[in-house]
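Visitor: Quick one: this structure, given as structure tokens, is what I'll be asking you about.
The values are calculated or read from the model by the stated rules, or taken from the named source; none is laboratory data. Given the structure is predicted, the values throughout are model-derived calculations rather than measurements. Backbone-built Cβ (ideal geometry, glycine too); neighbour counts: all protein chains shown.
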Amino acid sequence: MNKPIGQDSRGRLQLSMAVGHYDRIRPLVDGTVPIEGVSPVFLDLSPEETFFRAFRGEEFDLCELSLSSFAVRQAAGDDTYVGIPVFPSRMFRHTAFYVARDSAIRGPRDLIGKRVGLPEYQLTACVWARIVLAESGVDAADITWVRGGLEQAGRLEKIALDLPEAVSLVDAPEDKVLPELLLSGEIDAIISPRAPHGFGAADAPIRWLFDDPAAEARAYYGRTRIFPIMHLLGLKRELAQAHPWLPSSLFKAFTQAKDHALADLFATAASQISLPLMEETARDMVAMMGPDLWPYGVEANAHVLDSFLGQHFAQGLSKRRLAVDELFHPATRVQFKI
């Protein structure tokens with residue numbers, strides 16, 4: 001077991017925590033919200049670095065984890081981490097589809113029979129993107145998937161995969177990145193959580209597949225009530241076993257921090273967020289999604305997680321169909337009420 005860093009002068013556990021510096025995490029980092037019994041040592045890393053180090057070296061006591069990678073490992077019997085139903089990253093992935101500006105591809109069904117680049121097949125964003133495709137009748141086997149880096153050539157999957165034979169996954173040339181392949185016509189589209197270079201300006205050579213991804217996302221939520229989960233928190237299982245109080249304390253603190261961040265969206269005296277019309281946008285989202293725009297907990301997200309796990313299995317990524325409760329520590333599945 002990688003032991004916690006130690007204890008501080010008050011006897012609190014010092015735990016390494018690799019979590020992005022999101023607004024919903026910041027109250028923990030700056031001390032506004034304490035974690036009972038814990039003295040956290042935060043590491044502000046990119047998701048790519050966190051996931052790589054977490055799954056390859058198991059370096060952190062608590063960390064943000066890819067939901068897809070976590071499910072792959074859980075289904076294969078690797079229980080190094082136990083989930084805490086805190087979801088630091090959520091995002092509608094209709095913005096993850098990119099094509100060349102002059103492409104004749106205008107919608108999901110135009111991708112049937114095409115070559116589509118992606119950074120890693122098992123990325124959570126790519127799983128959700130294939131769920132969007134499945135809604136339009138496009139199966140993963142209908143596409144040739146080309147794996148490669150967005151900015152650096154030679155990117156590989158961070159965890160080993162054993163995909164069904166029907167899924168065609170090939171590697172990009174060792175000396176080329178996906179935007180180059182798209183603009184040269186060697187691939188027809190890119191699916192990626194990060195925008196490729198060549199996208200952004202009105203006359204940029206790369207555009208979104210969907211003309212109005214936000215409208216597509218709103219319609220998707222209206223049909224499904226799903227706000228896609230990208231990441232969850234993973235706690236070393238041995239720590240949870242050694243300190244039975246720890247999972248609940250973590251869930252409680254991260255939830256309080258998130259509630260602080262949501263309240264800041266509605267600060268009218270002086271905006272806490274550097275985005276004009278933030279309060280108006282937030283109220284539009286509340287009208288669509290309800291007062292808790294970023295729900296944590298198993299109960300509030302069971303339908304989202306169950307849909308994901310079903311599709312994860314259908315896409316050949318998990319070796320068995322996981323149940324939602326398998327992902328999370330028992331102490332965090334049901335919370336007390338006053």
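Visitor: Looking at the range 204-224 only, could you name the residues that are surrounded by 12 or more Cβ atoms within 10 Å (Cβ to Cβ) and part of a loop (DSSP other than H, G, I, E, B)?
Guide: Once the filter is applied, which keeps residues that are surrounded by 12 or more Cβ atoms within 10 Å (Cβ to Cβ) and part of a loop (DSSP other than H, G, I, E, B), the range 204-224 yields A204, P205, L209, F210.
Visitor: Test A195 against the stated conditions and say whether it is in a loop (DSSP other than H, G, I, E, B) and either closer than 30 Å to G117 by Cβ or at pLDDT 95 or above (or both).
Guide: Against the criterion (in a loop (DSSP other than H, G, I, E, B) and either closer than 30 Å to G117 by Cβ or at pLDDT 95 or above (or both)), A195 qualifies.
Visitor: Quick check on D79: is it at pLDDT below 95, of a type outside the set (V, I, T) and more than 26 Å from E186 (Cα to Cα)?
Guide: yes
Visitor: Please pick out the residue among F313, F266 that is in a helix (DSSP H, G or I) and aromatic (F, W, Y).
Guide: After applying the criteria, what remains is F313.
Visitor: Has the range 37-50 got any residue that is touching a strand residue (DSSP E or B) at 6+ places or on another chain (Cβ under 9 Å) and under 25 Å from V146 (Cβ atoms)?
Guide: Checked against the condition, which is being touching a strand residue (DSSP E or B) at 6+ places or on another chain (Cβ under 9 Å) and under 25 Å from V146 (Cβ atoms), the range 37-50 yields at least one hit.
Visitor: Restricting to the range 73-89, give me the number of residues that are surrounded by fewer than 19 Cβ atoms within 10 Å (Cβ to Cβ) and not in a loop (DSSP other than H, G, I, E, B).
Guide: 1
Visitor: Among the residues that make up the range 162-178, is at least one of them more than 24 Å from G113 (Cα to Cα), of a type in the set (K, R), surrounded by fewer than 19 Cβ atoms within 10 Å (Cβ to Cβ) and out of contact with any Lys or Arg (no Cβ under 9 Å at 6 or more places or on another chain)?
Guide: No - not one qualifying residue is present in the range 162-178.
Visitor: Could you tell me whether L277 is touching a strand residue (DSSP E or B) at 6+ places or on another chain (Cβ under 6 Å) and not assigned by TED's automatic domain parsing to the domain that holds T124?
Guide: no
Visitor: Hey, another quick one. Touching a Lys or Arg at 6+ places or on another chain (Cβ under 8 Å) and within 30 Å of G57 (Cβ to Cβ): is that true of P205 in this structure?
Guide: In short, no.
Visitor: Looking only at the range 283-294, count every residue that is touching a residue at least 60 places away in the same chain (Cβ under 8 Å), surrounded by 14 or more Cβ atoms within 10 Å (Cβ to Cβ) and outside any loop (DSSP other than H, G, I, E, B) and tell me the total.
Guide: Final tally of qualifying residues: 1.
Visitor: Any idea how many residues of the range 56-72 are within 14 Å of H231 (Cα to Cα) and not in a strand (DSSP E or B)?
Guide: 6
Visitor: Further question on the same structure: Spot the failing condition for S16; the list is (1) surrounded by fewer than 21 Cβ atoms within 10 Å (Cβ to Cβ); (2) within 15 Å of the chain's Cα centre (by Cα), and only one is missed.
Guide: (2)
Visitor: Exactly one condition in (1) basic (K, R); (2) at pLDDT below 95; (3) more than 23 Å from the chain's Cα centre (by Cα) is false for R115; which is it?
Guide: (2)
Visitor: Just checking, how many residues over the range 11-55 are assigned to a helix (DSSP H, G or I) and of a type in the set (F, W, Y)?
Guide: 3
Visitor: Give me the pairs, please: first residue somewhere in the range 44-69 and in the same structural domain as H312 (by TED's automatic domain parsing) and surrounded by fewer than 22 Cβ atoms within 10 Å (Cβ to Cβ), second residue anywhere and in a loop (DSSP other than H, G, I, E, B) and of a type in the set (F, W, Y), beta-carbon distance under 9 Å, and either six or more positions apart or on two chains.
Guide: R53/F60
Visitor: Can you pull out the residues in the range 295-306 that are under 14 Å from Y221 (Cα atoms) and either surrounded by fewer than 18 Cβ atoms within 10 Å (Cβ to Cβ) or of a type in the set (D, E, K, R) (or both)?
Guide: The one that is under 14 Å from Y221 (Cα atoms) and either surrounded by fewer than 18 Cβ atoms within 10 Å (Cβ to Cβ) or of a type in the set (D, E, K, R) (or both): H303.
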